[in-house]
Structure formats: C-alpha cells, structure tokens
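Colleague: Take a look at this one; I'll ask things after.
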Amino acid sequence: MGRTYIVEETVSQYLSNISLQGKAFVSGLLIGQCSSQKDYVILATRTPPKEEQDESSKHSKAKLDNLDEEWATEHANQVSRMLPGGLLVLGVFIITTLEMGNEFQNTLHRLVFAVEKSMNKKRLWNFTDEEVSERVTLHFCSSTKKIFCRTYDIHNPKSSAKPADWKYQNGLSASWLSLECTVYINIHVPLSTTSVSYTLEKNTKNGLIHWAKQIENSIYLINGQVKDEDCDLLEGQKKSSRGNTQAINHSFDVRVLTQLLLNSDHRSTATVQICSGSVNLKGAVKCRAYIHSNKPKVKDAVQAMKRDILNTVADRCEILFEDLLLNEIPEKKLYKATTCFLTRKDSEKEFHILPHRVFVPIPGSSVMLCDYKFGDESAEEIRDHFIEMLDHMIQIEDLEIAEEINTACVSSSMNTEASLDNTDDEPSKQPIKTTIVLKIQQNIGVIAAFAVAALAAGISFHYFSD
C-alpha cells in the first residue's frame, strides 16, 4: 500500500480549470505538508511559461522532451521562499490531453528529482532519517479527468515509481495551527584573508551555517512552557461533549532559548584568524510556521519553526545579493569580499537593508504564504509577484506587513578598529528603516581577529526571541 495524499478540494478545481491552449502539456508544483501517516496537499501552482516557449507552442506542439527543467526548478526555488515553516514543495504535476504513458512518467521522474536537488542546495538544514523521503508526481488527463499518482524516494535516484492514493477533502487546512515568534539575531561573520577569493554571498552563507547549528540546538518554549517532544501539541486543550478538541486559540507563541557556552565535556582551543573584514547581520525577524490539526506532535511543531527561522534569514540574504547583482555596475558586482559594497572613496562600512516579510492568506485556509519586500517596492509589485509565482489572485488589502519600520538602529562610525570590538555601543542618529540590516565592515588594513572559546562548568542561555 502506497502513501495517502489528502488534497484540498480547490486543487481539483484548479487543475481542471487549467487550459492547455494548444500546448502539449502544462507542468507545476504541489505544495503541502508531510506527516508520518499521510501527506497533505493544500495548493497547486503551474510553472509560468517562458515567452519564447509560449511563441513556439503556437506553431508546433512541443514534446515532453522539451520541458525546461532549469526553468521549472527556478520556479520551485522562488516558490519555496514563499512557504512558511511546515510547508514544502511535495512534488510536481503535469497536465496533458493523453492518458498516462511511459513518456509522461519518465518526464515526471526527471522533474521531481531535479526540483528536489535544486531546493536542497539552498537549505541550511537537512531532513532527518525519520522524515518521509517520498515525493509525489501527478499526471492529470484534461480530456478524461483521470489522475495517475505515483511517488519516488528522493534519497534513491534509481527508485521506481510506487502507486499512491489521492483523496480530496473540503476545508483541509481551515483549522491548521500556527506558531509565531520574533527572533532577534546578531550574527558576526569574520571574513578571513584566506577566503577573499570567495564571493561575499558564499562567505555569508558559511557564517550562517555556524549560526544554524545554534538554532538547531536551542530550546523552544511553546506558550511559555517546555513540552516533551513526543507529546500532542494540543494536549491540555478543552474538549467538547462529543470528544472533539475545541482549540480556543489556534495560534501558539514560541520563544527560543539559545545556548551561549559549551558544556564542560566539550574541549575548545583558541584560534587566530587574519581577517580583512566582517559581515554583521542584526535585527529582528518575524517567523511563522503551520502544522496540521490531526494530533500534531510537539517535535513536528518545533521542527517547523526551526526551519522557518533558518529559511527566512537565508532567503533574505539571497534576495539581497540577487538585487545587488542586478543593480550594481559590472565592476562592482560581488566577486571579492574585500572590494564589494564600496560605493564611495575610503568607505569602511556599508549598510544594506534586508527585505521585510509580507504575508498573504490562502482563501478558505488558516495558512498564510509569504514574500519579501524592499522599502522601495510597492504593494502592487508584491501582489503581481504573488500572482506570477502562485497563479492565484490576491487583493492588495490582504497583504500583511509582518515587520514594522524604524525599529532597528546601527552604528555608522567610520572607525574600523573600534567598530570590530564595539559594534553595538552607539546607534546612528538616522535609524535604518527595517527590523533587520546587513552590516558590512570593510577594513583598510589587515586586522588580526582573535576568538577564544573558554570552558564553562554550566550552560548559560540567552533569549533570542521576544
């Protein structure tokens, strides 16, 4: 018996309404959540056609062999940024006028593995051994309305297709649970002279990898309590006379306790690193995760929140670097950590604002998707990006700006030696209009940065959240 996929009823309507318009096929993504017993699909979105593909399809029917995997995987990468904690791209679909054949299955096999491989490269976290490793492929025949559902083990590229059940349910995610927290970050990434040949983006990601381990090992309080990871998340909620759980509040407040010092059984040695600069990410980020309401476990909720924290910080950095590459002149693109971000002579610091997070609801669902907005972008641009990536209409008034402006200030001192030792003392007189900023510290001379980690008998914890 294969896996069971419980699918939102609106997905059926969406697939049926897609018109091929003379094309041989239309492909897209399936979005939802995995659980140990069954998976949930709450959204489907077609991959937007390329302009040249759209033109060529008018003259001759494109074959499945012409499916642009690079274009499809880039769409998956963009969509994955718009998913809060707990949601994943669970698989891919393809719509044709013909019924299932080997040609279609081979195409779906290549596509689902290409999508998963591309998204996995950008993650700061890894799937656990206990998690479901199967991803779904769906072939929908537009003429007969028949569905062919198969799964593949993404850990085994040579795995064969397994049949799976595809069952529709109305209002699937209408009562899903949400978890929210505000995480305050102050990530210092030294740029060693040995890594000056790397791009600043790569150096920053290497620093985020170390920070990700700290987030993974933190303690998470849910509504102010530490709960056993195997407990039911809804344990303690009131029940009605019929035995159904009546969750008075479907939203949970999460706080993160981060370990600062090592245990006494860990050894550490002093290290000396010659640095040419540093990157400092500082501010507050709004994090949100969703989980199904069918006996959810605490460990699943905590895992969803952890991954949203890691994803939103990494995604914002990636979006910023992409924006700088698009807008900077070629000579100033981010090739060298020692030369980038300098926009005026003798500059020693440069500030760049990371984008704000924006949420938008899914009609008929308690789940909200997200996107990122720079200060100079309009609400109309964000709405258009949602429509382009997710192929669903949204209203501007539904956009929820999660993070307020004028809540973070950073130093604007030009004294580089002082700033390395004291980055938090004096705020600038002009506040940066965001809750998170990327601070680039660029040194004229070569500075030796000493990092000494001492053994501690106990463990100290520091609030990283509101």
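The values are calculated or read from the model by the stated rules, or taken from the named source; none is laboratory data. Just so it is clear, the structure is predicted and the values come from calculations on it, not from any experiment. Cβ coordinates were reconstructed from backbone atoms using ideal geometry, including for glycine residues, and neighbour counts include every protein chain displayed. Ligands, DNA and RNA are stripped out before the accessible areas are found, and what is left, the full protein with its side chains, is counted by its heavy atoms. Shrake-Rupley method; radii C 1.70, N 1.55, O 1.52, S 1.80 Å.
Colleague: Leaving ligands, DNA and RNA out of it, rank E350, E235, E70, E403 by accessible area with a 1.4 Å probe, largest first.
Modeller: The residues order as E70, E235, E350, E403, largest area first.
Colleague: DSSP loop (so not H, G, I, E, B), at most 15 other Cβ within 10 Å: list which chymotrypsin sites (Phe, Trp or Tyr not before Pro) in region 159-188 pass both filters.
Modeller: Answer in residue order: no site qualifies.
Colleague: In the structure displayed, which of K227/K299; K38/K162; K213/K373 lie more than 18 Å apart, Cα to Cα?
Modeller: K213/K373
Colleague: Leaving ligands, DNA and RNA out of it, report the carbon-plus-sulfur percent of the accessible area of region 103-225 at a 1.4 Å probe.
Modeller: Roughly 48 percent of what the probe reaches on region 103-225 is carbon or sulfur.
Colleague: Can you give me the distance in nm between label points at S378 and I401, each placed 7 Å from the Cα along the Cα-to-Cβ direction?
Modeller: Placing both labels 7 Å along Cα→Cβ, they lie 1.5 nm apart.
Colleague: Also: Translational D (Stokes-Einstein, µm²/s) of region 84-209 at 4 °C and 1.567 mPa s when Rh comes from the Kirkwood sum over C-alpha pairs? All intermediate terms of the calculation are to be shown ahead of the outcome.
Modeller: On the way: Rh = 18.3 Å.
The estimated diffusion coefficient comes to 71 µm²/s.
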